[in-house]
Amino acid sequence: MSRATGPHNIATTYARLKPDASAEAIPVSESFWQDLGAGKFGSFENEFLVTTQSFAQNWPVWEMHPKGEEIIILLTGDMDLILEKKTGNKIVHLQQQGDWLMVPKGQWHTARVNAPSTVIFITAGEGTLHRQVDL
């Protein structure tokens, strides 16, 4: 991990936003998500992780962030974010570059990919939960 100012590329180096308003660069490896889940980077208590991902298929899981909101910004493509509600799922369509959504804290969500899409996530990752999609 590095405090170097950059330049960095979001595809190869994610950003960790800390509670003291500092940031840290985290190089992305093939084992990044496994390492993150294993706690290699710490707990992310009161911190945010800035990442990017590309999707050609629907998400295979629902996810939920119990400690804070998540911002999802569409860079390219077309996708529907599905927010689970007791009264029926809410679908938010992201179709133009720059469209974004704030997923509320504690809200289960998944995505249906209508065209290959790339997004940026700003995630309060502490305690993130996952479960299989049942759509």
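The values are calculated or read from the model by the stated rules, or taken from the named source; none is laboratory data. These numbers come from a predicted model, not from an experiment. Every residue, glycine as well, gets a Cβ built from its backbone with ideal geometry; the counts of neighbours run over all protein chains shown.
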* To do: Scan the stretch 105-119 and give yes if some residue there is under 14 Å from the mean Cα position of the chain (by Cα), aliphatic (A, V, I, L, M) and modelled with pLDDT under 95, otherwise no.
  => no
* Structure fact -> If we ask which residues in the stretch 12-53 are surrounded by 11 or more Cβ atoms within 10 Å (Cβ to Cβ) and on the phi > 0 side of the Ramachandran plot, their number turns out to be 3
* Write out, first by first residue and then by second, each pair whose Cβ atoms fall under 9 Å of each other, whose residues are 6+ apart or on separate chains, and whose first residue, in the stretch 107-135, is closer than 24 Å to GLY88 by Cα while the second is among the basic types (Lys, Arg) and assigned to a strand (DSSP E or B). => TRP108/ARG131; LEU135/ARG112
* Enumeration of residues in the stretch 110-135 that are assigned to a strand (DSSP E or B), touching a His at 6+ places or on another chain (Cβ under 9 Å) and within 29 Å of GLY39 (Cβ to Cβ) -> THR123, LEU129
* To do: Would you tally the residues in the stretch 1-49 being part of a loop (DSSP other than H, G, I, E, B), within 25 Å of LEU74 (Cα to Cα) and touching a residue at least 40 places away in the same chain (Cβ under 8 Å)?
  => 5
